[in-house]
Amino acid sequence: MRKVFQADLQQIGEELIEMANQVAVAMDRAWESLANADVELAQEVIAADAKIDFLQNQLDERAIDTLALQGPVASDLRMIVGSLRMSASLERMGDLARHLAQLTRLRFPSRALPSEITGTFSQMAQLDIQIAQAVAKLLDTRDLQIARDIIELNHRLDALHASVFTQVADESWTANAPTTVDVSLTSRYLERFGDHGVSVARKVTYLVTGEWDPSEV
């Protein structure tokens, strides 16, 4: 039974890594679709989100079955419960990438974002992609330096997010109401993507150390 249990834990870990890799690809493609008003690519991102949802459902079912059948204790229990929470964060990251693709589709054939702010969003998207890739590596290695790197990347993301709202609130901002809404939502989606990456990093840190210190993030 113990061999079966360890195999289940390994499979759960591999599925989390696969989800993290999938959301990194989703954000990369979603941003490309939004920046270039590429509606075909946007459709592909929207369709691919179903795979991320499937992976989450598969992982959660496996974790719940393991809880019910194996009766894990202590660190193994933390691992399984933590995996359920991390899968929810990763699934939400996929949803946020899908939201960007949906915005592309909504505004097609026009670009949703004004050119003067696209550079900031490009930086935010690249940070998000780095965060998702780092999450996958963290899940694979449990290297807590990577968790700290994720938190630092997210701090940079937060600063860019704040700069967007400063720009929108400035009297020089002349975009119309729909564009202003699109800009605000895009910034929020990109910022929240990073927050969910930090959430995963915090949970991995807890699994490794057994200590929970929200002040570290």
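The values are calculated or read from the model by the stated rules, or taken from the named source; none is laboratory data. Predicted model only: the values in this text are computed from it and were never measured. No Cβ is skipped: glycine too gets one built from the backbone with ideal geometry, and neighbour counts run over all protein chains shown. Areas reflect the complete protein model, heavy atoms only, side chains present, ligands, DNA and RNA absent. Shrake-Rupley method; radii C 1.70, N 1.55, O 1.52, S 1.80 Å.
Under 9 Å between Cβ atoms, which residue pairs at least 6 apart in sequence (or on different chains) link something in the range 150-162 that is within 18 Å of A20 (Cβ to Cβ) and in contact (Cβ under 8 Å) with a residue 24 or more places away in the chain with a partner that is among the acidic types (D, E) and assigned to a helix (DSSP H, G or I)?
Going by the 9 Å Cβ cut-off, the qualifying pairs are I151/E216; L153/D128; N154/E191; N154/D195; L157/D128; L157/E191; L157/D195.
Is at least one residue of the range 38-46 open to solvent by 30 Å² or more (accessible area, probe 1.4 Å), assigned to a helix (DSSP H, G or I) and under 23 Å from L138 (Cα atoms)?
In the first step, residues of the range 38-46 are kept if they are open to solvent by 30 Å² or more (accessible area, probe 1.4 Å); the result is 38-40, 43-44, 46.
Add one more test, that the residue is assigned to a helix (DSSP H, G or I), and what stays is 39-40, 43-44, 46.
Now drop any that are not under 23 Å from L138 (Cα atoms), which leaves none.
No: the range 38-46 contains no residue that is open to solvent by 30 Å² or more (accessible area, probe 1.4 Å), assigned to a helix (DSSP H, G or I) and under 23 Å from L138 (Cα atoms).
Which count do you get for residues in the range 1-37 that are more than 19 Å from the chain's Cα centre (by Cα), at pLDDT below 95 and assigned to a helix (DSSP H, G or I)?
10
Can you pull out every residue in the range 79-92 that is touching an Asp or Glu at 6+ places or on another chain (Cβ under 8 Å) and at pLDDT 95 or above?
The initial filter retains those residues of the range 79-92 that are touching an Asp or Glu at 6+ places or on another chain (Cβ under 8 Å), namely 84, 87, 91.
S87, E91, listed by residue number.
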